[in-house]
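**Q** Quick one: the structure is below, questions incoming.
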Amino acid sequence: MATAVGEKGAAATPSPGRMLLRGALKRCPACGAGRLFSGWFAMADRCPGCGYQFAREEGFFLGAYVMNLVIAQGLVMLLAVIPTIVMLNADPDASLVPVIVGGLVGAVLAPLVFYPYSKTLWVAIELILRPVDETEPSDVRLKPR
Ligand SMILES: [Zn+2]
């Protein structure tokens, strides 16, 4: 279904794959504009390219935090838990230092590195699942170009 945005003559709705790719590259899923962050953690409220307000409702970015948590926990499983089971099964006296380091990387560094990507990816997922339409408050919609 075409969104009201396309009917207004602004940017046509990009495909879901394009929106996900833009989100994965820390770009606006709606228009592809970059420079959405003023630091690693500080995301603009609106896209500098199309004016889209990223947080469409209170608590909008909870999905991004959950995505970040799932990825971090998945990395801990891959880098620490599974190797620990395999190593200790093969040699009960094996050193656990490498898997502790792997677990720390998964638990601490991965969420920090993935943080901005999780936010732009979440914006993309939300736009795919719930396109902007006329029922949205006008401050959420994209600016007509
Ligand atoms: Zn935009």
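**Q** Does residue 134 satisfy being among the acidic types (Asp, Glu) and either in contact with an Asp or Glu (Cβ under 8 Å, 6 or more places away or on another chain) or in a helix (DSSP H, G or I) (or both)?
**A** no
**Q** Taking only pairs six or more apart or across chains, which ones have beta-carbon atoms under 7 Å, a first residue in the stretch 45-56 that is farther than 11 Å from residue 33 by Cα and polar (S, T, N, Q), and a second residue that is more than 6 Å from the ligand (Cβ to nearest atom) and in a loop (DSSP other than H, G, I, E, B)?
**A** Every condition considered, the pairs that remain are 53/45; 53/139; 53/140.
**Q** Also, quick follow-up: Would you tally the residues in the stretch 41-87 being in contact with a strand residue (DSSP E or B) (Cβ under 6 Å, 6 or more places away or on another chain) and more than 30 Å from residue 142 (Cα to Cα)?
**A** Here the count works out to 0.
Read-outs throughout are calculated quantities, based only on the coordinates presented, and are distinct from any laboratory measurement. Just so you know, these numbers come straight off a predicted model, no measurement behind them. As a convention, Cβ positions derive from the backbone with ideal geometry for all residues, glycine included, and neighbour counts pool all protein chains shown.
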